[in-house]
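Notes follow the structure.
The values are calculated or read from the model by the stated rules, or taken from the named source; none is laboratory data. Computed from a prediction, not measured in an experiment: that's the story for all the values here. Here the Cβ positions follow ideal geometry from the backbone for every residue, glycine too, while neighbour counts run over all protein chains shown. What goes into the accessible areas is simple: the full protein's heavy atoms, side chains included, and nothing from ligands, DNA or RNA. Shrake-Rupley method; radii C 1.70, N 1.55, O 1.52, S 1.80 Å.
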Amino acid sequence: MIKQKIQELSKSLFNEVIANRRHIHSHPELSFHEVETSAFVAKKLDELGIGWERMADNGLVALIKGEKPSDRVIALRADMDALPIYEANDVPYKSQNEGVMHACGHDVHTSSLLGTAKILTELKSEFGGTVKLIFQPAEERLPGGASLMIKEGVLENPKPDAVLGQHVMPLIDAGKFGFRAGKYMASTDELYVTVKGKGGHGAQPQQNVDPVIITAHILVALQQIVSRFADPKNPTVLSFGKVIAEGATNVIPNEVKLEGTFRALNEKWRAEAHIKMKKMAEGIADAMGGSCEFNIMKGYPFLINEPKLTNETRAHAEDYLGKENVVDLDIWMAAEDFAYYSQVSDACFYRMGTRNESRGITSAVHTPTFDIEETALEQSVGLMAYLAIKQLGN
Ligand SMILES: [Zn+2]
Ligand SMILES: [Zn+2]
């Protein structure tokens, strides 16, 4: 049976997958600079005899064709970039590129997909259809490697029937995987606001236009976007984490700068909310004698896991891992550029548990102590191969 064959191959590949993961982990590169990582992936694909093409500078796309007849195409995606973080882990595979760290597990996704590619290559005669491997750059940085890869045609020639992607999750125990059908992750927009008034002596407010008090009103009023305008069934987040008024006890400043984030799970509402926020902030500032510049830097769209595909994939995961090792995920209001694939293709983005409390492996992604329980890679390489083969209709 194909399942047993994949499980055996995953076992025999385990050390190689770990070695690849550790190599990539110790040589992290920032978004849009994944030159060595991309060359490493290319070399590994060459060793497997898999032809590849470059896309979006450091991205790679490759095809593995099953030998049985089938027109179906399934794309498997991994991201390759790291973050500007100083690694605090004392491990043999610690980052050798100081100040850069694979703190989001993209080393894991890339090495896992290379392992999956090896399994699929070995099993070519056992399945029909085409697997498209996508190794993308720059998940962590706008405009997102996924959007560039799509612009350059990664989802054409051949066009995938579905795109599958996985991401590490330190909240879930290693060996378990999480799924959620439907809306899963949020769109994220960065807000840069400047409230302008007229500064002066704090003792003479009548001669000034105080941007601090205008800002206070704007901050409170904008929460109505969430509490009064947003459909309660449609999760929305508005947070301002940076408010800078550089006056003093007796100095009213000329302006106040704010930075925040707006997150949602509906593109129509997202566009409406942008207009409402801007109008409200500008209107309040104007009514109080000041002015407001409200700039929105649009980030990734929301991520939707196509329900039929995701339910099927979840069932296949139960089949491969055992029911007890498949868990349900909650909506997560973080963003991920896999969302771009999900906006234009049927897609399923699932989570790979990487936690091991007994070994102290519990740190969140994007922290200097993030690490994974590596045994999870044995399941992840095999699971993705199994999901692809099943989705190809075998
Ligand atoms: Zn990340
Ligand atoms: Zn990530």
Take Y93 and tell me if it is away from ligand 2 (no atom under 16 Å from the Cβ), among the aromatic types (F, W, Y) and over 22 Å from A19 (Cβ atoms).
no
Contact list, first residue from region 81-109 and over 22 Å from L171 (Cβ atoms) and of a type in the set (S, T, Y), second anywhere and open to solvent by less than 10 Å² (accessible area, probe 1.4 Å) and within 11 Å of ligand 2 (Cβ to nearest atom), beta-carbon distance below 8 Å, six or more apart or interchain, is S95/A82; S95/H102
Residues being open to solvent by 10 Å² or more (accessible area, probe 1.4 Å), within 14 Å of ligand 1 (Cβ to nearest atom) and not hydrophobic (A, V, I, L, M, F, W, C) - total across region 72-89:
1
Checking the structure you have, find out if any residue of region 302-321 is within 16 Å of ligand 1 (Cβ to nearest atom), aromatic (F, W, Y) and crowded, with 24+ Cβ neighbours inside 10 Å.
no
Go through region 282-295 and give me each residue that's open to solvent by 50 Å² or more (accessible area, probe 1.4 Å) and part of a strand (DSSP E or B).
S291, E293, N295
Taking region 4-30, which residues are within 16 Å of A138 (Cα to Cα), open to solvent by 10 Å² or more (accessible area, probe 1.4 Å) and either in a loop (DSSP other than H, G, I, E, B) or aromatic (F, W, Y) (or both)?
H27, E29
For region 249-273 the number of residues that are more than 22 Å from the chain's Cα centre (by Cα) and either aliphatic (A, V, I, L, M) or farther than 10 Å from I225 by Cβ (or both) is 11
Assess whether E29 counts as being away from ligand 2 (no atom under 16 Å from the Cβ) and over 24 Å from G382 (Cα atoms).
no
Residues to consider are P92, P69; find the one that is at pLDDT below 95 and either surrounded by fewer than 23 Cβ atoms within 10 Å (Cβ to Cβ) or closer than 25 Å to D371 by Cα (or both).
P69
I'd like to know if region 66-74 contains one or more residues that are over 27 Å from G322 (Cβ atoms), touching a Ser or Thr at 6+ places or on another chain (Cβ under 6 Å) and among the β-branched types (V, I, T).
yes
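Table: residues versus (1) in a strand (DSSP E or B); (2) away from ligand 2 (no atom under 16 Å from the Cβ); (3) modelled with pLDDT under 95; (4) crowded, with 20+ Cβ neighbours inside 10 Å.
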position: S125; (1), (2), (3), (4): no, yes, no, no
position: I134; (1), (2), (3), (4): yes, no, no, yes
position: E140; (1), (2), (3), (4): no, no, no, yes
position: M149; (1), (2), (3), (4): no, no, no, yes
position: G153; (1), (2), (3), (4): no, yes, no, no
position: P160; (1), (2), (3), (4): no, yes, no, yes
position: H167; (1), (2), (3), (4): yes, no, no, yes
Matching residues in region 346-383 (open to solvent by 20 Å² or more (accessible area, probe 1.4 Å) and under 30 Å from K151 (Cβ atoms)) number 3
Residues that are farther than 16 Å from V41 by Cα: list the strands (runs of 3 or more DSSP E) wholly contained in region 51-107 that include at least 2 such residues.
68-79
Within region 96-107, residues within 16 Å of ligand 2 (Cβ to nearest atom) and open to solvent by 20 Å² or more (accessible area, probe 1.4 Å) come out as none
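Each row is one residue, and each column tells you yes or no for (1) within 22 Å of F32 (Cβ to Cβ); (2) touching a strand residue (DSSP E or B) at 6+ places or on another chain (Cβ under 6 Å); (3) without any contact (Cβ under 8 Å) to a residue 24 or more places away in the chain; (4) of a type in the set (A, V, I, L, M, F, W, C).
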| residue | (1), (2), (3), (4) |
| --- | --- |
| K118 | no, no, no, no |
| E122 | no, no, no, no |
| S125 | no, no, no, no |
| G128 | no, yes, no, no |
| V131 | no, yes, no, yes |
| A138 | yes, no, no, yes |
| G144 | yes, no, no, no |
| P158 | no, yes, no, no |
| D161 | no, yes, no, no |
Filtering region 317-334 down to residues that are over 12 Å from H167 (Cβ atoms) and within 23 Å of the chain's Cα centre (by Cα), which residue is nearest to ligand 2 (Cβ to nearest atom)?
M333
